[in-house]
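*Asks:* To start, I am sharing the structure in question, which I have written as structure tokens.
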Amino acid sequence: MIKLIDLLKEYNNQGPSNPEVYILNTKTNKVILSSMEEVQKISNLIYDMGGGETSLYDAYNVVIVDNMDENEVLKGILNTSNAEKKLYIKYNLEKPYLFPQSNKIIASQVVYHLKNVEGFAQTINDSLKSGGSIQFNSDIVTSNDKKFLTSLKELGFYVHDFKEQNDGGVLFLKRSKPSTLIITPFDKEYKKPKENYSFQGYDGENHNFKTYKELKLYFITYVEKLFKKHPYFYTKDFLSGKETGKWNKNQLKDYNPWSETYGNSLEILSYNMKTAYDENKKPFPIFRNFKISHDLDK
């Protein structure tokens, strides 16, 4: 059986052994070969390592480092940012390298693509100024992520801040020790916070339950009563985050909270109820304060 994590390992020693520097101009849609001297000119230098597909940073001082084709990176920038031009370093991230030292390095959703994570940790260590910081982001906990963070710890880096995200999180690391030890999902000592089985009704009243099953049963009955007068509700249609001007017509029966094959139906329904409109395309005020808290693992 093919594991998901094996499909994610897409780097496979791709990319040049010697860095290639490009200026990507979104105004002229041109790719211009440059040199490392252009990188050395930048003050407050930040590397976005592995950001070739999803670089969201407009600033010129945030330099992308990845193994992708430079023309594909340009297309990605056109889709995800408003930058007029960006610097891109094309390189094989599997191999350690000393880049011009930076003030910060962003390693977002990239480590689980790599095999030589120790080499990548060495690249980060060598390419960071003494007072620099690392922003590590991974929304899943893999053995490679753990190995990478262990390598950084051996190189003298410590977690100074942590923000939980899905099953992983965003970690901010520096070489100095923090005043208190921060435990993250990537550590053995980490314990997942206990979920609150409750939801707040349209009238602001809180309903609490001992188990998720009890919550689901009560929630279904509660919603069915609300929709007896309004069998249909409407939600705005979006495409790439923008309204299309169209409407989606929904029925309560479209959501089966007991069957969560394609995501948690309670979560989807509770969200849509907040943004629901009646047949006259007027908001349902009774849903204004509606929210639900539940454990997705139960």
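*Asks:* For region 104-160, give me each residue that is more than 15 Å from the chain's Cα centre (by Cα) and among the aliphatic types (A, V, I, L, M).
*Replies:* If the condition is that a residue be more than 15 Å from the chain's Cα centre (by Cα) and among the aliphatic types (A, V, I, L, M), then Ile105, Leu114, Val117, Ala121, Ile124, Leu128, Ile134, Leu149, Leu152, Leu155, Val159 are the ones that fit.
*Asks:* Also, I was wondering about something else. Does region 1-53 hold any residues that are open to solvent by 50 Å² or more (accessible area, probe 1.4 Å) and at pLDDT below 80, and which are they?
*Replies:* Met1, Ile2, Lys3, Leu4, Asp6, Leu7, Glu10, Asn12, Asn13, Gln14, Glu53
*Asks:* Let me ask something else. Give the residue that is modelled with the highest pLDDT, with candidates limited to residues of region 134-160 that are open to solvent by 50 Å² or more (accessible area, probe 1.4 Å) and among the aliphatic types (A, V, I, L, M). Let's see the steps before the verdict.
*Replies:* Taking region 134-160 and keeping what is open to solvent by 50 Å² or more (accessible area, probe 1.4 Å), we get 140-141, 143, 146-147, 150, 153-155, 158, 160.
Now drop any that are not among the aliphatic types (A, V, I, L, M), which leaves 140-141, 155.
On the way: Ile140: 85, Val141: 89, Leu155: 96.
If we take residues in region 134-160 being open to solvent by 50 Å² or more (accessible area, probe 1.4 Å) and among the aliphatic types (A, V, I, L, M), then Leu155 is modelled with the highest pLDDT.
*Asks:* Hey, among Asn116, Asn79, which residue is at pLDDT 90 or above, surrounded by fewer than 19 Cβ atoms within 10 Å (Cβ to Cβ), under 27 Å from Asp139 (Cα atoms) and of a type outside the set (Val, Ile, Thr)? Walk me through how you get there before you give the answer.
*Replies:* Details: Asn79 fails: at pLDDT 90 or above.
Residue meeting the stated conditions: Asn116.
*Asks:* Here's a follow-up. Assuming Gly169 fulfils every condition listed in (1) modelled with pLDDT under 95; (2) in a loop (DSSP other than H, G, I, E, B) apart from one, which condition is it?
*Replies:* Result: Gly169 fails condition (2) only.
The values are calculated or read from the model by the stated rules, or taken from the named source; none is laboratory data. If you're wondering where the values come from, they're calculated on a predicted model, not measured in any experiment. Don't worry about glycine lacking a Cβ; one is built from the backbone with ideal geometry, like all the others, and counts go over all protein chains shown. Heavy atoms of the whole protein, side chains included, go into the accessibility calculation; ligands, DNA and RNA do not. Shrake-Rupley method; radii C 1.70, N 1.55, O 1.52, S 1.80 Å.
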